[in-house]
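The next block holds one structure in the form of structure tokens; read it before the comments.
Just so you know, all these numbers are worked out from the coordinates, no wet-lab data involved. Fair warning: this is a prediction, and the values are worked out from it, not measured in the lab. Cβ placement follows ideal geometry from the backbone for every residue including glycine, while neighbour counts extend to all protein chains displayed.
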Amino acid sequence: MRKLSYLSVLVLGTIISILSSAIYADPPMPPFYAAVAKLTPEGKLGQVVKQEKIVASVKGAQAWRVAYISSDISGRKTVVTGMVVAPTGPTPAGGRPVMSWAHGTTGTAQNCGPSLQLFL
């Protein structure tokens, strides 16, 4: 009976170990972000250094993932990512209003950014 309980503990421990390592595994990085990770932040603040058109799920909209030069809390240049969404069709007289939205913290892992979401 003791051998069975030791075996059960060993099997359970192995399963927990495998599952916990899978939980902390880094998800695969999409090609856009893999390329961005290799970029050096050379250029002016706000300069777009990479862009990728994506399919917008909202009718009448077009969208792009963008990587651009920003700065961190210490003022050092860094490359960050975001998303640009714009309406399709002719621009009305007088132009369109522009809205900028900065999300709060969504997590520190690479896959937490809103621009990584599958459905825009």
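Some observations on this one:
- Extension reserve of the Lys44-Ala61 stretch, reckoned as 0.36 nm per residue once the Cα distance is removed: 3.3 nm
- Cα gyration tensor, segment 28-116 - rounded (a/c under 1.5), prolate or oblate: prolate
- Magnitude of the charge dipole, segment 28-116, Cβ model with Lys/Arg +1 and Asp/Glu -1, debye to 20: 120
- Theoretical FRET efficiency, 1/(1+(r/R0)^6), r = Cβ-Cβ of Asp72 and Gln51, R0 30 Å, to 0.05: 0.85
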